[in-house]
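Chemist: Have a look at the structure that comes next, please.
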Amino acid sequence: MIVDAHHHLWDPARHDYPFLTDELAAIRRPYGPADLAPLVATAGIDATVLVQTRSSLAETEEFLATAAATPFIRGVVGWVDLTEPSVDETIAALRAGPGGDLLVGIRHQVHDEDDPDWLGRHDVRRGIAAVGRADLAYDLLVRSRELPAARALVAALPDVRFVVDHLAKPAIRVGTDRTWAAGVRAFGVMPNAWWKLSGLVTEADWKAWRPEQIQPFVDELLEVAGPQRLLFGSDWPVCLLAASYVEVLATARWLIGSLRATEQVAILGTNAVEVYRLMTDPSRPGR
């Protein structure tokens, strides 16, 4: 089973996406399930996880309804206001709505916060604890700057499952990233933390990247956390800035090609099923 544990959908004609700057003009157009369906079929993807793009409950509700109507989308990582006192009730309402059984995680754009220790705030941690109580995963969208706060959070909430998106966005195009490497090593092996092998081609040079340039960063995570802590995601359609969907999957296979077959299977599918509690039978509703 192959799971794409990280992709997006959006429509700039209907909503504002601040991250879709002029630099990203090539992907500033609508992307819906019909665009992704032939790609996952060609690539042999069995299930996907749709991930939030905006700090919007309305988007989360829309994504859940979309997932319920799209057989290959088996989970949604949505958004809630973690600092809201009634966050438990908000999550419960999402799960009671259309497609609510497909809510598998929550995410916030932490790396856009001014405070590098935003994850250390009491109200934020209270909200993330509520995510754990709902048996949902929490996706950490962080860079090197926020890795120390992320590590402290993961240690403080051992009952919450955490997934670090895009390997915390190392500076691949620079060639080395000592701050990132130090943060990863300090993170170490934590039983409630996973790392997402996604978004790496766009952290490299979009026009001239090679898998060999990405390999050292993946090897760092394999050494620190091990193959049971990695999971694959395409980061489509953002990946299209540097590579096609098929190329991203082929690159992931190349990067983990030296591992045992069982370890490759885990990274490409079963780890995502574990952390997100995905239902693997598409004929059954919900998780």
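Every read-out reported here was derived from the displayed coordinates using simple, explicitly stated rules and does not represent laboratory data. This structure is a prediction, so every number in the text was calculated from the model and none was measured. Quick reminder, even Gly has a Cβ in these numbers, built from the backbone with ideal geometry, and neighbours come from all protein chains shown.
Chemist: Using θ = phi - 60° and the Karplus form 6.51 cos²θ - 1.76 cosθ + 1.60, what ³J(HN,Hα) does each residue of the range 72-86 get, whole Hz, x for Gly and Pro?
Modeler: Rounded to whole hertz, the list is 7, 7, 9, x, 10, 9, x, 10, 9, 6, 5, 8, 6, x, 9.
Chemist: Rank these for me by crowding, VAL246, VAL224, going from fewest to most other beta carbons within 10 Å. Walk me through the numbers on the way to the answer.
Modeler: On the way: VAL246 13, VAL224 16.
In order of increasing Cβ crowding within 10 Å: VAL246, VAL224.
Chemist: A follow-up question, please. Which FRET efficiency value, to the nearest 0.05, do you get for ASP115 and ARG260 by plugging their Cβ-Cβ distance into 1/(1 + (r/R0)^6) with R0 = 45 Å?
Modeler: On the way: r = 42 Å, r/R0 = 0.92.
With a Förster radius of 45 Å, E is 0.60.
Chemist: Still on this structure, I have one more. Among ASP159, ASP165, which comes first, then next, by fewest other beta-carbon atoms within 10 Å?
Modeler: The order, fewest Cβ neighbours first, is ASP159, ASP165.
Chemist: Quick check for me: using +1 on Lys/Arg Cβ and -1 on Asp/Glu Cβ, what's the dipole size of the chain about its Cα centre, in debye to the nearest 20? It would help to have the intermediate numbers written out before the result.
Modeler: Numbers: 28 positive and 38 negative charges, 115 e Å.
For the chain, the charge dipole is close to 560 debye.
Chemist: Quick one: the Cα spread of the range 23-65 along its three principal axes, in angstroms, biggest first?
Modeler: Extents along the principal axes, in whole Å: 31, 28, 13.
Chemist: Moving to a separate point now. Report the FRET efficiency, 1/(1 + (r/R0)^6), for LEU20 and ARG277, where r is their Cβ-Cβ distance and R0 is 25 Å, rounded to 0.05. Please report the intermediate quantities before stating the final value.
Modeler: Working: r = 31 Å, r/R0 = 1.24.
Computed FRET efficiency for LEU20 and ARG277: 0.20.
Chemist: Still on this structure: Taking the Cα centre of the range 147-287 as the origin and placing charges on Cβ (Lys, Arg +1; Asp, Glu -1), which of ALA152, VAL246, ASN271 is farthest toward the positive end of the dipole?
Modeler: After comparing all options, I get ALA152.
Chemist: May I pose another question? Between ARG28 and ASP135, what's the calculated FRET efficiency when r is the beta-carbon distance and R0 is 35 Å? Round to 0.05.
Modeler: Details: r = 36 Å, r/R0 = 1.03.
With R0 = 35 Å, the Cβ-Cβ based efficiency is 0.45.
Chemist: Determine, for ARG95, ARG126, the number of other Cβ atoms within 10 Å of each Cβ, and report the residues in order from fewest to most. Before the final figure, lay out each step's value.
Modeler: Details: ARG95 18, ARG126 15.
Lowest count first: ARG126, ARG95.
Chemist: Which whole-number percent of Cα pairs in the chain have a distance greater than 32 Å? Could you put the intermediate results ahead of the total?
Modeler: On the way: 7145 of 41041 pairs.
Summing the P(r) tail past 32 Å for the chain gives 17 percent.
Chemist: Summing -39500 (n - 2.57) over the DSSP H runs of n ≥ 4 in the chain and dividing by its residue number, what mean residue ellipticity at 222 nm do you reach, to the nearest 500 deg cm²/dmol?
Modeler: Working: 10 runs with 101 residues, N = 287.
Mean residue ellipticity, 222 nm, calculated: -10500 deg cm²/dmol.
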